[in-house]
Amino acid sequence: MSAPRLEIHLDRVHHNARALVRQLAATGISVTGITKATLGSPEVAREMLMAGVGDLGDSRIENIERLRNAGITSKMMLIRSPMTSQVDRVVASADVSLNSSLEVIDCLSVAAVRRGCIHGVVLMVELGDLREGFLAADIEAAARHTLDLPGVALRGIGANLACQNGVMPDDQKMAELSLIATELEASLGMSLEVVTGGNSANLDWVNSTEGTGRVNNLRLGESILLGCETLHRRPLAGLRTDAIELVAEVIESAIKPMQPWGDVAQNAFGEFVSQQTPHLRADAGSSRPDDGPVGPGGSHLEFGARTIVALGRQDVDPDGLMAPAGYHVLGMSSDHLVLSTGPQTLAVGSEIRFGLDYGAVLRAMTSPFVDQVFLGASV
């Protein structure tokens, strides 16, 4: 197989989705499976649906259209406020969208009437993370405005926390959302179909609270794909953290000095790279040739195996890579990833397998130079 490539283990995605669906069902919470990190992959979406997620969600209408074109007919939610320039596409392909702007809802109404359909609207409430949402004081007016419009139907309210400023979805925040839902229903004389409380960051709250109140839906992506919660990136019990791996090929491996020599300025990305690499001494070899490069003060430099793989910042976020045990990422340019690989060199053409965090998955998925290989699909 070619490299670099993402290996997406669909059976592990299925396992994680099924475990989360079952866990949350016991608390009365349904799961919307979020496919945005995989660019709306139909393969991943099908595994989520077979594992029991109630519907699918994505932040890009292009990804939702990809899923529709692949024959997926499940309910779909656009989880970023629609752009007014795309409302016709939104009402054509998404059943529901999360909204925080009356101007956008007005445009959705016009587009839905033109198409002859009803588009579901979930009003987002700002609970303190300061990304999207109506202030609590304005939510009733927004709801009444939505109810007065043709072509759109108020489906519920929602919130998003921990994405912009890391504000946690705790008991206090979720109780506030529940209270807003209850008061809104009383004021409007109607029942809200959905109170979507947030994302994978809410799992700590679910596991620690005595009651989930009115929250009956979570939008889960990272926890399904990577098996962790997103407040502290801790693995979740019983979930697989290796559902997505990045495989890269070695293009050079040699015994070299473990620190650069010569006058130092900015690197290609405007960074001043620290030369303090104390963890390398345990990996370094004992070879210090007398005719080798000389470091500061005239001392000969420590030598060890430095390995380059064909992978760069154009492909993946270097801060989101997890190298194999005993290996250390030293740096990454546009096209080269440099590693300390212990006292021994590696064979050119061999492969190294990396774990990834969510940001690294996002960038690798969007790189045209990283192949995607799906393994272990369910029948």
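Nothing in this text is a laboratory measurement; each read-out follows from the coordinates by a stated rule. Computed from a predicted model, the values in this text were never measured in an experiment. We place every Cβ from the backbone using ideal geometry, glycine too, and count neighbours over all the protein chains shown.
So the values come out like this:
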quantity: Theoretical FRET efficiency, 1/(1+(r/R0)^6), r = Cβ-Cβ of E252 and L188, R0 45 Å, to 0.05; calculated: 0.10
quantity: Shape call, region 10-226: gyration tensor on alpha carbons, a/c limit 1.5; calculated: oblate
quantity: Full-stretch length increase - D148, S334 - with 0.36 nm per residue and alpha-carbon distance subtracted; calculated: 61.7 nm
quantity: Gain on full stretching of the segment that runs from A237 to D170 - 0.36 nm per residue minus C-alpha separation; calculated: 22.1 nm
quantity: Point-to-point label distance, A377-C163, nm (Cα→Cβ direction, 7 Å offset); calculated: 2.9 nm
quantity: Assigned charges on the beta-carbon of Lys, Arg, Asp, Glu; the chain dipole about Cα centre (debye); calculated: 700 debye
quantity: Likely footprinting exposure, C117, C228, fewest C-beta neighbours within 10 Å first; calculated: C117, C228
quantity: Debye, to nearest 20: dipole size of region 10-226, +1 on Lys, Arg Cβ, -1 on Asp, Glu Cβ; calculated: 760 debye
quantity: Under the span-like rule (Cα at least 18 Å along the axis, Kyte-Doolittle mean at least 0.5), DSSP H helices of the chain; calculated: 102-115
quantity: R22 versus T73: modelled label distance in nm, points set 7 Å from Cα along the beta carbon direction; calculated: 2.9 nm
quantity: E140/D11 FRET efficiency (R0 45 Å; Cβ-Cβ; nearest 0.05); calculated: 0.45
quantity: Computed magnitude of the charge dipole of region 46-113 (debye, nearest 20; Cβ of K, R +1, Cβ of D, E -1); calculated: 180 debye
quantity: Computed helical MRE - 222 nm, the chain, DSSP H runs ≥ 4 contributing -39500 (n - 2.57), nearest 500; calculated: -8000 deg cm²/dmol
